[in-house]
Amino acid sequence: MKPTVILGIETSCDETSAAVLETPYQLRGHIVYSQDEHSLYGGVVPEIAARAHLRLIDEVVKKALEDASCELEEIDAVAVTAGPGLIGALLVGVSWAKAFAFGLGKPLVPVHHMEGHLFAPSLENHDAQPPFVALLVSGGHTLLLYVQKWGEYELLGQTRDDAAGEAFDKVSKLLGLGYPGGPVIEQQSERGCDTRYRFPRPMLRKGATARDSEYYDFSFSGLKTAVSRKVEELKSMGMLEESRADIAASFQATAVEVLCKKTMRAVKEKGCPRVLLGGGVSANSRLKKELADELLPDGVLYYGSHRLSADNAAMIACAGAFRFQQGEIARLDLSGDPNLSLPGLRDYRL
Ligand code: KG4
Ligand code: ZN
C-alpha cells in the first residue's frame with residue numbers, strides 16, 4: 001500500500017503538539033510543547049490552556065513540518081483530536097485543523113484522544129497489535145478494554161469516580177507536591193516505605209466474579225479520602241514532613257496493585273496474556289514493573305516511551321491513519337466534544 005502522510009494535531013489538555021507521520025510508522029517530525037504555566041495553579045486552568053494553544057499552535061505545526069522536511073503538497077490528511085478533553089482547548093485544535101485542511105484541500109480526520117493512547121505503543125513497537133487487553137490510564141480516564149482488532153473495543157471496566165492520573169494529582173496536591181502529581185509521587189516513593197500505611201484497595205473484593213459489576217471497575221476517590229485523612233492526622237501531630245515519602249509510596253503501591261489486579265483478571269478471563277498499557281500514568285515505573293512481573297513467564301507487556309505515553313500528536317496521527325484508511329472523514333462543521341465516546345466501544349455489561 002502506498003504510504004500516506006498524516007499531519008496530527010493534539011490540543012485536548014495542556015500539551016500543544018503536532019506530528020508528521022508517514023504510514024505505517026515513520027515519525028518524520030514531532031513537536032510536543034508542554035504548557036508549564038499551570039503548575040502555578042496546582043492544576044490545568046482551562047482558559048489559560050485554550051489561550052496558550054491559540055498562541056502556540058501555528059509555530060508548533062510549522063516546526064513539526066520543518067523537522068519532517070515536509071512540503072505541504074505531501075500531506076494526504078490532517079488528523080485532529082476532536083475529544084474528549086477541555087472544550088476551549090479542543091476547539092483551538094479543531095478550528096485550526098479545519099482551516100488548514102480546507103486551505104490545503106485535504107481531508108480532515110477526527111480522532112478520539114484515548115484511541116490515540118491505544119495506538120501510541122505501536123509507533124515504537126510494531127508488535128503492539130491486537131489482540132490484547134488494554135489498560136488506559138490518564139488524567140481523565142481509566143479504561144480496561146479487550147481489543148480483538150483495531151476499532152473494536154470491548155469495555156470491561158472503567159472508573160466510577162476519579163481517574164487513576166487524577167488520583168495521583170490529588171494526592172500530590174494533598175502532600176503539597178504540586179502538579180502534575182504522577183512524576184513527583186513516583187520520585188518521592190523511591191525514598192519512602194510503601195508498607196508504612198495501609199490504605200483501602202477499592203473494588204478488590206475476594207470471591208467477586210466477572211459477572212459482578214465491580215469485578216473490573218475502578219474507584220479511586222475513597223483511596224484519595226483515606227490519604228487525605230492520614231495527611232490531616234499527621235499534620236496535626238506535626239509529622240507530615242517526615243512522613244511525606246512514606247505516604248506517597250504507600251499510595252502508589254495501593255493504586256498500582258489495584259490497576260494490576262484488575263488487568264490480570266482480564267488477562268485470565270480473556271485467556272490473553274498480551275497487555276497494552278497506555279496514557280500518562282503508563283510512565284509509572286512501578287506499574288510497568290508489577291504488570292510485567294505478573295505476566296511472566298509467557299505474557300508480554302507493551303507500552304510507549306515517556307514521550308509517547310504522555311499527550312502527543314504522534315499518537316493522534318497514528319490513530320488518524322487508521323481512521324483515514326476506514327474512510328472516516330469529517331465534515332467542516334466538526335466541533336470539539338468534551339464527552340466524545342470512543343468509536344467502536346461495546347459495553348456488553350449492560
Ligand atoms: O495522558 P495524559 O498525559 O493526559 C490526559 O489525557 O489526561 O495523562 C496525564 C496524567 C496526569 O494525571 C499525571 O499525573 C499522570 O498522567 N502521570 C503519572 C506519571 N506521569 C504522568 N502518573 C503516575 N506516574 C507517573 N510517572
Ligand atoms: Zn491523554
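The values are calculated or read from the model by the stated rules, or taken from the named source; none is laboratory data. The shown structure was predicted, so the numbers you read here are calculated from the model rather than taken from an experiment. With ideal geometry, Cβ positions are generated from the backbone for all residues, glycine too; neighbour counts draw on all protein chains shown. With ligands, DNA and RNA removed, areas are computed over all heavy atoms of the protein, side chains included. Shrake-Rupley method; radii C 1.70, N 1.55, O 1.52, S 1.80 Å.
Remarks
Rundown of residues vs (1) in contact with a Cys (Cβ under 7 Å, 6 or more places away or on another chain); (2) at pLDDT below 95; (3) closer than 23 Å to residue 181 by Cα, yes/no style:
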position	(1), (2), (3)
1	no, yes, no
18	no, no, no
32	no, no, yes
60	no, no, no
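- So residue 110, is it open to solvent by less than 50 Å² (accessible area, probe 1.4 Å) and under 22 Å from the mean Cα position of the chain (by Cα): yes
- The set of residues in region 304-350 being in contact (Cβ under 8 Å) with a residue 24 or more places away in the chain and acidic (Asp, Glu) consists of 311, 328, 337, 347.
- Residue in region 130-149 that is nearest to ligand 1 (Cβ to nearest atom), counting only those that are touching a Pro at 6+ places or on another chain (Cβ under 6 Å) and not charged (D, E, K, R): 147
- Residue in region 206-229 that is touching a Ser or Thr at 6+ places or on another chain (Cβ under 8 Å), open to solvent by 60 Å² or more (accessible area, probe 1.4 Å), outside the structural domain of residue 38 (by TED's automatic domain parsing) and not small (Gly, Ala, Ser) present: no
- Here region 99-114 is the region considered, the condition is being touching a residue at least 60 places away in the same chain (Cβ under 8 Å), part of a helix (DSSP H, G or I) and closer than 16 Å to residue 323 by Cβ, and the residue that is nearest to ligand 1 (Cβ to nearest atom) is 113.
- In region 37-76, the residues that are in contact (Cβ under 8 Å) with a residue 12 or more places away in the chain, under 21 Å from the mean Cα position of the chain (by Cα) and part of a loop (DSSP other than H, G, I, E, B): 42, 43, 44
- Residues that are over 24 Å from residue 82 (Cα atoms), of a type in the set (A, V, I, L, M) and open to solvent by 40 Å² or more (accessible area, probe 1.4 Å) were ranked within region 293-344; the one that is nearest to the chain's Cα centre (by Cα) is 300.
- Options 127, 58, 67, 76; residue that is away from ligand 1 (no atom under 16 Å from the Cβ), among the acidic types (Asp, Glu) and open to solvent by less than 70 Å² (accessible area, probe 1.4 Å): 76
- Answer from 157, 181, 139, 176 - the residue that is small (Gly, Ala, Ser), surrounded by fewer than 21 Cβ atoms within 10 Å (Cβ to Cβ) and over 12 Å from residue 278 (Cβ atoms): 176
- Residue in region 242-256 that is more than 15 Å from ligand 1 (Cβ to nearest atom), modelled with pLDDT of 95 or more and farther than 24 Å from residue 195 by Cβ present: no
- Selection from region 157-214 of residues that are among the aliphatic types (A, V, I, L, M), closer than 18 Å to residue 145 by Cα and part of a helix (DSSP H, G or I): 164
- Any hit, region 235-244, residues being without any contact (Cβ under 8 Å) to a residue 60 or more places away in the chain, open to solvent by 40 Å² or more (accessible area, probe 1.4 Å), touching a Lys or Arg at 6+ places or on another chain (Cβ under 9 Å) and assigned to a helix (DSSP H, G or I): no
- The one condition from (1) charged (D, E, K, R); (2) within 16 Å of ligand 2 (Cβ to nearest atom); (3) open to solvent by 20 Å² or more (accessible area, probe 1.4 Å) that residue 162 does not meet is (3).
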